[in-house]
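We did not get these values from a lab; they are worked out from the coordinates using the rules stated. Bear in mind that the values here come from a model prediction, so they are computed numbers and not experimental data. Please note: Cβ atoms are built from the backbone with ideal geometry, for glycine as well, and neighbour counts cover all protein chains shown.
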Amino acid sequence: MMHHTHLVIAFLFSIASIKIFHITNPIFFISIALIAGLFPDIDHPRSKIGRFFKPVSWLFEHRGFLHSILVLPLIALILYYFNYSSFAFPIIVGYLSHLLGDALTKEGIMPLHPISKFRIRGFIRTGGILENILFSFLFFLSAYSLLNL
């Protein structure tokens, strides 16, 4: 999926999380979730975030390890070790939103990479008309959700 679609999905996930879990600092939560919603694409040299971290794309294949749910425990351990545990939940929300979005695409994701090569694939072509329709729908849903926060 394109970065703007990942952002709108991460935004919706964070709004839902704020309502369900009664998050006390919604601006902080949404901001971190939005950044985390783009983070898995750090392994693609032409992505919005990957442009700034090109060496990462030399180390990881796109939609490989960084598009795996196995990254989340590592992130949580690192945050806990450095005493940034307040970042963990919004990062998990944003990261999972990214994986869900990419799972809807024809390229899909390997959720247990490198343990398993099993791939979840959807029906949406990245940058295609269905993604644009999905983005438009989610954008208006986001605006509605924000007004009803």
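Numerical summary
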| read-out | value |
| --- | --- |
| Prolate/oblate/rounded label for region 73-149 (Cα gyration tensor, a/c 1.5) | oblate |
| Gap separating the Cα centres of region 111-133 and region 35-51, nearest whole Å | 16 |
| Point-to-point label distance, Asn148-Phe52, nm (Cα→Cβ direction, 7 Å offset) | 3.4 |
| Backbone HN-Hα couplings from phi across region 127-139 [Karplus 6.51/-1.76/1.60, Hz, Gly and Pro as x] | x, x, 5, 5, 5, 5, 5, 4, 4, 4, 4, 5, 4 |
| Residue exposure sequence - Thr126, Thr24, Thr105, Thr5 - by fewest surrounding Cβ within 10 Å | Thr24, Thr126, Thr105, Thr5 |
| Net charge of neighbours whose Cβ lies under 10 Å from the Cβ of His113, counting Lys and Arg as +1 and Asp and Glu as -1 | +2 |
| Inter-label distance, nm, simple model (7 Å from Cα along the C-beta direction), Ala76/Phe28 | 2.0 |
| Among [x] 8, 21, 11, 8, 8, 8, 11, 14, 9, 2; [y] 12, 39, 37, 12, 0; [z] 11, 40, 33, 12, 4, 1, the entry that matches P(r) over Cα pairs in 10 Å bins from 0, in percent as calculated here | [y] |
| Per-residue HN-Hα couplings for region 10-25 [Karplus 6.51, -1.76, 1.60; θ = phi - 60°; Hz; x = Gly/Pro] | 4, 4, 5, 4, 5, 4, 4, 5, 4, 5, 6, 9, 6, 5, 7, 10 |
| Reachable lysines, given that their alpha-carbon falls under 26 Å from the alpha-carbon of Lys54 and they are not under 8 places away in the same chain | Lys106, Lys117 |
| Value of [θ]222 nm, deg cm²/dmol, for the chain, DSSP H segments ≥ 4, -39500 (n - 2.57) each, nearest 500 | -18000 deg cm²/dmol |
